[in-house]
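Read the structure below first, then the notes.
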Amino acid sequence: MMIRFATEADLPRVNELRAQVNALHIAGKPEVFRPGFSPELQEHVYTLFSAPVHAILVAEGECGIVGFACVKLVDRPGSPYRLPQKFLDVDEFGVDEAVRRQGTGRALFEAVREHARALGAERIELNMWEFNQDALKFYEAVGFRTYRRYMEYDVE
């Protein structure tokens, strides 16, 4: 398994993997996510690729790219409420469903961690949907912990 930064030529395959993750979101929260993988969603990865604070890492095995992580460096100045913060935000993370639970995600996360260190980030953050218990188990297994929670209440 090799983990590296994506090239533009990798982005169509990254989009195939993003479509798998998107399908999970549609199934888990159909009242929030639009069905399908629209051209706008497909184009989004190209926007991330060209943005200076973003990076896309890919996990490449014998059969090609099998995982990806879209990350962004967040460097916030202090405010009256908060101290300055510099962290790496994991915007999207996915492993091909055909090779999950075989170490790809862990290897990809280790590369994300090394990237965060290289940038001088204090920590790595992400948010996820509660219905995705497999993702929660993975993130907890690599050391993430919950520090903030969003809740909802249906009026009807």
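Where a number appears in this text, it was derived from the coordinates with a stated rule and is not lab data. Model, not experiment: these values are computed from the prediction. Positions of Cβ are generated from backbone atoms using ideal geometry, with glycine treated the same way; all protein chains shown enter the neighbour counts.
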Query raised in the report: Is it the case that Asn15 is touching a Phe, Trp or Tyr at 6+ places or on another chain (Cβ under 6 Å), among the polar types (S, T, N, Q) and in contact (Cβ under 8 Å) with a residue 12 or more places away in the chain?
Result: no
Query raised in the report: Which residues, counting only those in the stretch 90-109, are farther than 14 Å from Cys70 by Cα and not aliphatic (A, V, I, L, M)?
Result: Asp96, Glu97, Arg100, Arg101, Gln102, Gly103, Thr104, Arg106
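Does any residue of the stretch 136-153 turn out to be out of contact with any strand residue (DSSP E or B) (no Cβ under 8 Å at 6 or more places or on another chain) and crowded, with 17+ Cβ neighbours inside 10 Å? Walk me through it before giving the result.
Let us first name the residues in the stretch 136-153 that are out of contact with any strand residue (DSSP E or B) (no Cβ under 8 Å at 6 or more places or on another chain), namely 136-138, 140-143, 145-153.
Within this subset, residues satisfying the condition of being crowded, with 17+ Cβ neighbours inside 10 Å are 138.
So far as the stretch 136-153 goes, yes, one or more of its residues are out of contact with any strand residue (DSSP E or B) (no Cβ under 8 Å at 6 or more places or on another chain) and crowded, with 17+ Cβ neighbours inside 10 Å.
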Requested in this report: Say whether the condition of being free of Cβ contacts under 8 Å to residues at least 24 places away in the same chain, touching a His at 6+ places or on another chain (Cβ under 8 Å), outside any helix (DSSP H, G or I) and surrounded by 13 or more Cβ atoms within 10 Å (Cβ to Cβ) is met by at least one residue in the stretch 28-40.
Outcome: yes
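Out of curiosity, is Glu125 touching an Asp or Glu at 6+ places or on another chain (Cβ under 8 Å) and either loosely packed, with under 10 Cβ neighbours inside 10 Å or within 22 Å of Val95 (Cβ to Cβ) (or both)? First the steps, then the outcome.
Details: touching an Asp or Glu at 6+ places or on another chain (Cβ under 8 Å): yes; either loosely packed, with under 10 Cβ neighbours inside 10 Å or within 22 Å of Val95 (Cβ to Cβ) (or both): yes.
Spelling it out, Glu125 is indeed touching an Asp or Glu at 6+ places or on another chain (Cβ under 8 Å) and either loosely packed, with under 10 Cβ neighbours inside 10 Å or within 22 Å of Val95 (Cβ to Cβ) (or both).
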